[in-house]
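Here, each number is a calculation from the coordinates, and none is a lab measurement. Here the structure is a predicted model, which is why all the values come from computation and not from measurement. Cβ placement follows ideal geometry from the backbone for every residue including glycine, while neighbour counts extend to all protein chains displayed.
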Amino acid sequence: MQADLAERGSISAFRTRSTRIVCAGCPGRIAMSLPDYAELFLKYNYAESKDLCKEFLTLVSGVLVFSVTFAEKIVRFSNHRARGRWTLFGSWIFLVAALISGGIGLVKLGFAANTAVYAPDPSLIRCLAHKADVWMYAGGVLFVLGLLLIVVAGALSMFAKPIGTSSVDGSGST
């Protein structure tokens, strides 16, 4: 890998640069040589995280499409109060936010891979990978919140009384 980068001129340009970019919130330096760490990152961390993120985005978009498609069955819009509808709408907001967060995490992971190939600075790679992980974890939390709100919307719909039903005499008129 180092020979390939040296042919392109990236390694020599990197080694002559005197400044190093270090993220203040990321862990300390890595005790590995630059090309070794970059190669290990690309071989394991990047490949596994990228696959996990793509599968996560597929799952989130599938759940979002499923909930939008069967929204009438989950909430029964026609004859129930708005509480379940707003809860379902909130779950869609969380699912869209999870999609956006996962997408940003995938882009940040791509930035880390680009850094590993063209300027293999272990501190910067770890910093960018850490930021990608934070966005992906945030997407996971938003996804779980969206799922919980779908369940709550279904429960509210299941136990809610239709609009035309009276709770006093049970005759169906208000």
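What the table below lists for this structure:
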item: Gain upon complete extension [Tyr44, Met158; 0.36 nm per residue less C-alpha separation]; result: 36.4 nm
item: Per-residue HN-Hα couplings for segment 36-50 [Karplus 6.51, -1.76, 1.60; θ = phi - 60°; Hz; x = Gly/Pro]; result: 5, 5, 5, 5, 5, 4, 5, 6, 10, 4, 5, 4, 5, 5, 5
item: Extended-chain gain in nm, criterion 0.36 nm per residue less alpha-carbon gap, Tyr118 and Arg76; result: 9.7 nm
item: Links that overshoot a 28 Å alpha carbon limit, given the list Lys73/Lys131; Lys73/Lys108; Lys43/Lys108; result: Lys73/Lys131; Lys73/Lys108
item: Exposure proxy order (Cβ contacts within 10 Å, fewest to most) of Met136, Met158; result: Met158, Met136
item: Protection-proxy order for peptides 116-122, 149-155, each taking the mean of Cβ atoms within 10 Å per residue, highest first; result: 116-122, 149-155
